[in-house]
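I have placed the structure first, in the form of structure tokens, so that the comments after it can refer back to it.
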Amino acid sequence: MNIKKNDVIEVEITGMTSEGNGVGRYEGTAIFIPDTAEGDRVRAIVVKLAKNYAFGKAVEILTPSPDRIETDCEVSRKCGGCVFRHISYNAELKIKAQRVKDALTRIGGFENLQVEPIVGAQMPDFYRNKAQLPVRADADGNPMVGFFAPRSHRIIDCGGCKLSPAEFEEISAVFTGWMSDFNISPYNEEQNSGTVRHLYLRKGFKTGEIMVCVVSRVFPVPHTDELVKRLSEKFDCIKSIVINVNPQKTNVILGERCVTLFGRDYINDYLCGLKFKISPLSFYQVNRDQAERLYGLAAQCADLRGDEVLLDLYCGTGTIGLSMAKSVKKLIGVEIVPQAIEDAKKNAAENGIENARFICADAAKAAVMLAGENISPDVVILDPPRKGCSPELLETVAGFEPEKIVYVSCDPATLARDMKILNELDYSPKTVIPVDMFPRTSHVEAVVLMTKR
């Protein structure tokens, strides 16, 4: 390696990582440079050396990339949320689509698999219907809310976040004002002391209803009557104000106990024509509009006739399965989180869906249990967490011999790995559709249809 730390070099950026860093080569060595775009030529200082690569920091853009745009958020790099805010949205979509294709080739071994065009968002900003904002004291001891900087617990003030609705910033200002006026102490993580840990906000984008949830280390919280007064008088859209109690010294945000201070203990929203009650502990897709598109694509892949048994593994609160329930003979949803299963049952009842059964169990164990009941699903939906599915679960699913498997993925690498296993179990990929659920961030989803050979 012919470069040293603190060398100033000129580099042409020839690629982008999934984390939004530009990649170039200098005298044969790969160098990763944040805040650069493919096509940039930059002057950079070398800040870190590894065995076969280096990291740099751009000090001057010599020739800008055609993809480069003016960053409209001063803290996007500090908070680590928006890694693509310095390039156009079309350029971001190309990177994400290529990431899916590369994973399928390198990890899955699928050489000539056709990948459909990526489904981008019509609204790439202000789409998040949820914000979990840590509350800490600033250098002067005043309460502040924001986001944790990447790989740290240092708070970044993210007022005016481009991903959240405007009401969230206004509510946060009223909230911190109340904390200051009544000397409500922010949480001290090191000492497990103080009162307020997080401000947790949720919005039903279709209904406009907002929930304010204050996560507190202790209960009761003093002067909450004044907080309710200030929030309810200023914001007609607030339909629920809740205290969530979490006394544990933990990184887990929510505790198990919720106490409603104002309005209902839930808000309403509509997704795929269904009504959902959203409580503090409920899972609900962060980007509602793109979730509708994602679920629509999953239903398109399933191509249901009306006489099938549909098995929805990792069903959460039932949203994806319930959106297809009226197109099948029977829906069976499986989820390991008890609260989610209770919410799924309530959501089914709320929407008059009577052909749904929900099981609280680990997906692999539930699959074995259903096999023991001689239940043979015609279509299986897999919507696993980022780590994907275990080989044992995939073998059990293939053992059902369903006609179709619809895989909804939130990580291209584990998707490709699991598709390779399913391919070895006689399931061929027919359709792959990347979906951008979280614009400006590093994440990309995909919907895949695999059919029995």
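Taken together, the values in this text are just the output of simple stated rules run on the coordinates, not laboratory data. Everything quoted here is computed from the prediction, not taken from an experiment. A quick note on method: Cβ atoms are made from the backbone with ideal geometry, for glycine too, and the neighbour counts reach across all protein chains shown.
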Which log10 I(q)/I(0) values, to two decimals, does the range 153-207 give at q = 0.27 Å⁻¹ under the Debye formula with one point per Cα?
-> -1.21
Give, rounded to the nearest 20 debye, the magnitude of the charge dipole that the chain has about its Cα centre when Lys and Arg contribute +1 at Cβ and Asp and Glu contribute -1 at Cβ.
-> 440 debye
Starting from the amide H of Ser376, placed 1.01 Å from N in the peptide plane, find each other amide H under 5 Å away whose residue is 5 or more places distant or on another chain.
-> none
Taking max minus min of the Cα coordinates of the range 313-366 on each principal axis, largest first, gives extents in Å of 26, 19, 14
What nm value, rounded to one decimal, do you get for the distance between Glu169 and Phe148 when each label is placed 7 Å out toward the C-beta?
-> 2.5 nm
³J(HN,Hα) computed for each position of the range 123-137 - Karplus, 6.51 cos²θ - 1.76 cosθ + 1.60, integer Hz, glycine/proline x = 10, x, 10, 6, 9, 6, 9, 8, 9, 10, 9, x, 10, 9, 8
Note down the magnitude of the dipole of the range 81-139 about its Cα centre, charges +1 on Lys and Arg C-beta and -1 on Asp and Glu C-beta and zero elsewhere, to the nearest 20 debye.
-> 140 debye
³J(HN,Hα) across the range 189-197 via Karplus (A = 6.51, B = -1.76, C = 1.60, θ = phi - 60°), whole Hz, x for Gly/Pro?
-> 5, 5, 9, 6, 10, x, 10, 8, 8
Estimated vicinal HN-Hα couplings, Hz - the range 245-250 in sequence order (Karplus 6.51, -1.76, 1.60; Gly, Pro = x) | 9, 9, x, 7, 7, 7
Modelled FRET efficiency - R0 35 Å, Val59 with Asp102, Cβ distances, 0.05 increments = 0.70
Just rank Ser409, Ser442, Ser172, Ser376, fewest to most, by other beta-carbon atoms within 10 angstrom.
-> Ser376, Ser442, Ser172, Ser409
With at most 15 other Cβ atoms within 10 Å, longest stretch of the chain clear of loop GluC sites (Glu not before Pro) (DSSP) = 257-353
Out of the DSSP beta bridges found with both residues in the chain, what percent are antiparallel (nearest 5)?
-> 70 percent
Counting only DSSP beta bridges with both partners in the range 130-278, the antiparallel fraction in percent, to the nearest 5, comes to 80 percent
Quick calc, the range 8-68, dipole around Cα centre from Cβ unit charges on Lys, Arg (+) and Asp, Glu (-), nearest 20 debye, gives 220 debye
Percent of alpha-carbon pairs separated by more than 23 Å within the range 40-140 = 52 percent
The answer for chymotrypsin sites (Phe, Trp or Tyr not before Pro) in the range 16-92 that fall in a DSSP coil and have at most 13 neighbouring Cβ atoms within 10 Å is none
The farthest towards the positive end of the charge dipole of the chain, of the residues Ile320, Leu304, Leu227, given +1 on Cβ of Lys and Arg and -1 on Cβ of Asp and Glu, is Leu227
Counting Lys and Arg as +1 and Asp and Glu as -1, what is the net charge of the other residues whose Cβ lies under 12 Å from the Cβ of Arg41?
-> -3
Could you tell me what fraction of 2.2 N^0.38 Å the Cα radius of gyration of the chain comes to, as a two-decimal ratio?
-> 1.06
Top positive-direction residue, dipole computed over the range 280-406 with Cβ charges, set Pro384, Ala361, Val286 = Val286
Just need the Rg to Rh number for the range 355-453, please, alpha carbons only, Kirkwood Rh.
-> 0.98
Using only alpha carbons, build the gyration tensor for the range 8-68 and give me the equivalent ellipsoid semi-axes, biggest first, whole Å.
-> 17, 12, 10
For the range 130-278, what mean projected area does the convex hull of the alpha carbons give, in nm²?
-> 9.1 nm²
